[in-house]
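J.: Dropping a structure here in structure tokens format, bear with me for questions.
The values are calculated or read from the model by the stated rules, or taken from the named source; none is laboratory data. As the structure is a computational prediction, the values presented were derived from the model and not from experiment. In this analysis, Cβ positions are derived from the backbone assuming ideal geometry, glycine residues included, and neighbour counts consider all displayed protein chains.
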Amino acid sequence: MMKSRRRDRDLQPVAEINVTSMVDVAFTLLIIFIITAPILQGGIEVSVPQTDVTSLTPEENTLIVSLDRDGIVYVGETPMDQAEFEASFGQIVSGGTVDKVWFQGDSLATWGAGVNVMSVIRESGIPFAVVAEQRPAR
């Protein structure tokens, strides 16, 4: 009987928290977020031309119109062909929530398609800027 009392006194509870599994979960979530962050970034990927430009500052009511190399126009992230864009752009901006339009055309898009998109934007009466990339220093 004496041994069991002594054994009970020797078996004290350990007041340490094992954080190894918590650190494993935290690192796993970090890796998942690092991998998925670029995917969730959004926007249409176009290769804009390079030239000497001044920087544009994004504002609250700026609408981005993109033209990809296949001639598809994106208003925000909504794709449409040239005819749909011509027919609907005036209605899209007539709500008064758009103050400025940024046009970013892929450098491999046809010149005619780009001019057509810029003409439709200009006819809407909303000021627009053409997006380009800063040319690397020589």
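J.: Can you name the number of the only condition in (1) at pLDDT 90 or above; (2) touching a helix residue (DSSP H, G or I) at 6+ places or on another chain (Cβ under 8 Å); (3) of a type in the set (V, I, T) that V130 fails?
T.: Failed condition: (1).
J.: Within region 52-75, can one find any residue that is modelled with pLDDT of 75 or more, among the aromatic types (F, W, Y) and surrounded by 13 or more Cβ atoms within 10 Å (Cβ to Cβ)?
T.: yes
J.: Do the conditions hold for Q91, that is, is it of a type in the set (S, T, N, Q) and part of a helix (DSSP H, G or I)?
T.: So Q91 passes the test.
J.: Answer yes if at least one residue in region 34-45 is assigned to a helix (DSSP H, G or I), modelled with pLDDT under 85 and surrounded by 10 or more Cβ atoms within 10 Å (Cβ to Cβ), and no otherwise.
T.: Checked against the condition, which is being assigned to a helix (DSSP H, G or I), modelled with pLDDT under 85 and surrounded by 10 or more Cβ atoms within 10 Å (Cβ to Cβ), region 34-45 yields at least one hit.
J.: Kindly indicate which of S94, S107, S88 is of a type in the set (S, T, Y) and either out of contact with any Ser or Thr (no Cβ under 9 Å at 6 or more places or on another chain) or within 13 Å of I64 (Cα to Cα) (or both).
T.: Result: S88 is the single residue among S94, S107, S88 that is of a type in the set (S, T, Y) and either out of contact with any Ser or Thr (no Cβ under 9 Å at 6 or more places or on another chain) or within 13 Å of I64 (Cα to Cα) (or both).
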